[in-house]
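Every number in this text was worked out from the coordinates using simple rules, so none of it is lab data. Because the structure is a prediction, the values reported are computed rather than measured. Cβ sites come from the backbone with ideal geometry, for glycine too, and all protein chains shown count toward neighbours.
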Amino acid sequence: MVEPSDAVQVWLWIGTIGMALGALAFLLMAARERPGNRWFHTITFFIAAIAAVAYLAMALKQGWFPILREGQDMAEPFYWARYVDWFFTTPLLLLDLALLAGATKEAIAWLLGLDVMMISTGFFAGITASDSRYVWFIVSSVIFIWMLWILLAEVLKAAKQRPPEVRSKFNQLAVLLAVLWTIYPILWLLGTEGFNVIGITGEVATFAIIDLIAKVGFGFLLLSNRKVLEAARPNMT
Ligand code: RET
């Protein structure tokens, strides 16, 4: 199978519309706030907007190429547009959380640096047809665990100094992030990039659902409580 099927297309359009509606909602929520109090809205808007663009490209049958991987008998589409999306949006998601926690600049640099390394090495895993892709997969996974460690140790430590409502919002979002992000490497292994157990449709559908929760769901949870945002406002204008 080389041309994306109709079922795949439906899921890509669901992703596009969901991300675009999320971006629009975050924009409207930003419009209610006064300038200087919209840091979280701005970051969260771009997370959904960038994903909407990447999904639109994929829904228009762009941002992929066919690849015949070792151990598989058919070429499958490799959607590289996902990785471009993740390269920009996963650091922004982490920045949202780190600013909420009031993390140090040093912790933020570690978190974001590890994250872009995780996505870059994950991209190498994705474009590699030979079994060497599993070497890249392991490198990316080790960096992922390291990044989670910084988040759940360093950044959590900073969050403990915050007012109770900020701390509990941080805990809620950090747990959501840790659980949801762990699904990505598992899905990668089960999908066409790995052992291809669930097929391209199952993979694209599951990615669309977890992407929407990780970006739009996360964004609503973060932006819904104005008291929390006010108390966590970064010291920047
Ligand atoms: C890959 C494969 C290689 C190993 C690891 C991965 C992790 C990816 C993650 C992606 C998160 C994406 C999000 C998107 C939101 O829309 C690259 C799949 C560890 C954690 C949150």
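What is the local net charge at M58, summed over the other residues whose Cβ is closer than 10 Å to its Cβ (Lys, Arg +1; Asp, Glu -1)?
Values: positive: K61, R82; negative: D85.
Residues near M58 contribute +1 overall.
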Practice problem: Could you work out the local net charge near N171, counting Lys and Arg as +1, Asp and Glu as -1, over the other residues with Cβ closer than 12 Å to its Cβ? | Solution: +3
Quiz item: What is the spin-label model distance, in nm, from I145 to S132 if the labels are put 7 Å beyond Cα along the C-beta direction?
Solution: 2.4 nm
Exercise. Find the centroid of the Cα atoms in the range 1-45 and in the range 158-204, then give the distance between the two in whole Å.
Key: 18 Å
Quiz item: With each run of n ≥ 4 DSSP H residues scored as -39500 (n - 2.57), what mean residue ellipticity at 222 nm is computed for the chain after dividing by its residue count and rounding to the nearest 500 deg cm²/dmol?
Solution: -23500 deg cm²/dmol
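Full extension from W13 to I186: what is 0.36 nm times the residue separation minus their Cα-Cα distance, to one decimal in nm? Working shown, then result.
Values: separation 173, 0.36 × 173 = 62.28 nm, distance 2.35 nm.
Length difference between fully extended and current span is 59.9 nm.
Just to confirm a number: summing +1 for Lys and Arg and -1 for Asp and Glu over residues other than M147 whose beta-carbon lies under 14 angstrom from that of M147, what do you get?
Working: positive: none; negative: D115, E154.
Charge balance in the 14 Å sphere: -2.
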Practice problem: Would you mind classifying the range 124-237 by shape? Square roots of the alpha carbon gyration tensor eigenvalues, ordered a ≥ b ≥ c; an a/c under 1.5 is rounded, otherwise it is prolate if a/b is larger than b/c and oblate if not. | Solution: prolate
Quiz item: Straight-line reach from K61: which lysines have Cα under 28 Å away, leaving out those fewer than 8 places along the same chain?
Solution: K215
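Apply 1/(1 + (r/R0)^6) to the Cβ-Cβ distance of L68 and Q172, taking R0 = 30 Å, and write down the FRET efficiency to the nearest 0.05. It would help to have the intermediate numbers written out before the result.
Numbers: r = 43 Å, r/R0 = 1.43.
The value I calculate is 0.10.
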